[in-house]
Structure formats: C-alpha cells, structure tokens
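The values are calculated or read from the model by the stated rules, or taken from the named source; none is laboratory data. Computed from a predicted model, the values in this text were never measured in an experiment. So basically every Cβ, Gly included, is an ideal-geometry build from the backbone, and we count neighbours across all protein chains shown. To get the accessible areas, we keep the full protein, side chains included, count just its heavy atoms, and leave off ligands, DNA and RNA. Shrake-Rupley method; radii C 1.70, N 1.55, O 1.52, S 1.80 Å.
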Amino acid sequence: MVSALIFDVDGTLAETEEAHRRAFNETFAARGVDWNWSQETYRELLKTTGGKERMARHREVMGFGPSDDEIADLHKIKTRRYVEIITGGEVPLRPGVARLIANARDAGLKLAIATTTNRPNVDALIRATLGADPDHLFDAIAAGDEVETKKPAPDVFELALNRLHLSPEACIAFEDSEMGLQSAQGAGLRVLITPSAYTDGGDFSTAEWVLPDLSHPLPPEITEGLGQSAAIS
C-alpha cells in the first residue's frame, strides 16, 4: 500500500518556469547584467539544477558575467521578484494537482515535497495556489538549499523520506523532468511523470508511469491508496 506521495514543485505542481525566467531577466535588467534568457536558452539551462548554478553555467558558456558573490546576491533579488509574481496569482496549479492533494489528505496519506528550488519559492506557490500553510498541508518539505547535492542526485528525495520516516517502497514520487526522474529513482522511489512545457520530449522510458497531467486516470497503485476519496471531483 502507498503511504505517501512526494511531489517535485517546478513543472510538476505548476508551470512555474516562465515565472522563473521572467524573474531572472527582470533581475538582470535591474542590476545592469547584460544577459537576457530566451525560452530556448532557458530550456538548455534547466539541464543544470538550481538558480545560482544556472547563472554560473551561463557565465561559463558566455565567457563573462557576475562573480560568485554577485550571483548569490542576484539570486536573492530574483527570488524576491519570483515570489512577487507567484503571490500575484499569475501561476495556477497544473490540472488534477489540487484534487489529488485533497484526496490524498482525506485518505490519510502523507504528503511531501522534494524540490531543487529554495524554501521561499515553495511557500509562495503553496500559499498562492492552495491557500494553506505549507507546513500544515505537507508532512515533510525538502528544498534544494537544504542538501549538499541537487538533482539528479537523490539527496533531496532521501531527505524527504527521512523526514517522513518511511521507506521508498511505501511512497510514490511525482516529477516532470529527466533529472527529477533520476533523482527519485536514485532514492529507490517509483515515479509518475507528467512532462511540463519545458521538459516535454524528454526520455522517461524508465519511469513507472507517464501521464499528460494528473487530471488523467491515475494508476491503481495510487487510486487504491486513495480509496473512496478518489471519486471526489
């Protein structure tokens, strides 16, 4: 039986990446950094997990850019701008997400988050879309700034499992990217993939399940755990 559902955030709970890209570009412009990330550029940069890491990677490719200390400052400013965008209600949850979370909670399943993004970004999205205190809604939240190595390393999923006090066999992970899939499977989890706007076309052949989004019929392993609450619309 499934005891817990563990969710990635960006691209899985919501299509947040355009908000991230906008926040990065507005931050660059405001601080006089001669960078502007197109959708094509950002799609490539998403292969590097973590905002500071993406900026460092772009600096490496371009051959110029802010120092490491400046990147850290830029990331703080970018996070504040991203939170403003999310708080403004511009980014809804993906189809089926709110229903699954409500059904899982009604069924007594534990809920967790395992993400490479930082905690302020998580809190802003949960409050804006679900109107709830993240620590009340989720039994465990593991964020990228809490682990030594980000996805595709399994660290953040292992941290979530540790905080849930559950084995990976008792949980199912929800992801949207190849790196997230590798991370979750590296922690021993079964994975349901819902490709996002920036990860469609990825190789998800090793995932246990792949769905367009969570409004589609869920696998029996999940619906059995939800019991009668799965019928709630």
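Report, to the nearest whole %, how much of the accessible area of the chain belongs to carbon and sulfur atoms, 1.4 Å probe, protein only.
Details: 5030 of 10420 Å².
Looking at the chain in its full context, I get 48 percent from C and S.
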**OP:** Per DSSP H run of at least 4 residues, take -39500 (n - 2.57); add these up for the chain, divide by its residues and hand me the 222 nm value, nearest 500 deg cm²/dmol.
**Re:** -13500 deg cm²/dmol
Subject >> Inter-part distance where the range 170-233 and the range 64-131 are each reduced to a Cα centre, Å >> reply: 19
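How large is the dipole of the range 1-70 about the Cα centre if only Lys and Arg carry +1 and Asp and Glu carry -1, each at its Cβ, rounded to the nearest 20 debye?
Details: 9 positive and 14 negative charges, 10 e Å.
That gives a dipole near 40 debye.
With a ≥ b ≥ c taken as the square roots of the eigenvalues of the C-alpha gyration tensor of the range 98-191, please select rounded if a/c is under 1.5 and otherwise prolate if a/b is larger than b/c or oblate if it is not? Could the numbers behind the result be given before it?
Details: a/c = 1.71, a/b = 1.25, b/c = 1.37.
Oblate, because a/c is 1.5 or more while a/b does not exceed b/c.
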Original post:
In the range 100-189, which chymotrypsin sites (Phe, Trp or Tyr not before Pro) are in a loop and have at most 14 other Cβ atoms within 10 Å, using DSSP for the loop call?
Top reply: none
Original post:
For the charge dipole of the chain, defined by +1 on Lys and Arg C-beta atoms and -1 on Asp and Glu C-beta atoms about the Cα centroid, which residue among V156, A29, T117 has the Cα displaced farthest towards the positive pole?
Top reply: A29
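Within the range 148-233, report the GluC sites (Glu not before Pro) that DSSP leaves as loop and that have at most 12 other Cβ atoms within 10 Å. Intermediate values should be presented prior to the final figure.
On the way: sites: E148, E158, E169, E175, E178, E208, E221, E224; in loops: E148, E208.
Sparse-neighbourhood loop GluC sites (Glu not before Pro): E148.
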Subject >> Kirkwood hydrodynamic radius over Cα pairs of the chain, then Stokes diffusion coefficient at 20 °C and 1.002 mPa s, in µm²/s >> reply: 119
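Using 0.36 nm times the number of residues separating T87 and E44, minus their current alpha carbon distance, what extension gain do you get? Before the final figure, lay out each step's value.
Numbers: separation 43, 0.36 × 43 = 15.48 nm, distance 2.69 nm.
Extending this stretch completely gives an extra 12.8 nm.
How big is the antiparallel share of DSSP beta bridges in the chain, given as a percent to the nearest 5? Walk me through the numbers on the way to the answer.
Details: 1 of 19 bridges.
In the chain, approximately 5 percent of DSSP beta bridges are antiparallel ones.
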Original post:
Under unit Cβ charges (Lys, Arg +1; Asp, Glu -1), what dipole magnitude, rounded to 20 debye, does the range 112-233 have relative to its Cα centre?
Top reply: 140
Subject >> Solution diffusion estimate, µm²/s, Stokes-Einstein, the range 153-217, Kirkwood Rh from C-alpha pairs, 10 °C, viscosity 1.306 mPa s >> reply: 133
**OP:** For the range 92-141, give the magnitude of the charge dipole about the Cα centre (Cβ charges: +1 Lys/Arg, -1 Asp/Glu; no others), in debye to the nearest 20.
**Re:** 180
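Skip the ligands, DNA and RNA, and give the accessible area per residue of the range 95-199 with a 1.4 Å probe, whole Å². Display every interim value, and only then the final one.
On the way: 3790 Å² over 105 residues.
Using a 1.4 Å probe on heavy atoms only, each residue of the range 95-199 averages 36 Å².
At R0 = 45 Å, how high is the FRET efficiency between M1 and F64 if r is their beta carbon distance? Nearest 0.05 is fine.
For M1 and F64, the calculated efficiency is 0.25.
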Original post:
In percent, how large is the relative contact order of the range 10-90, given Cα pairs closer than 8 Å and 6 or more residues apart?
Top reply: 34
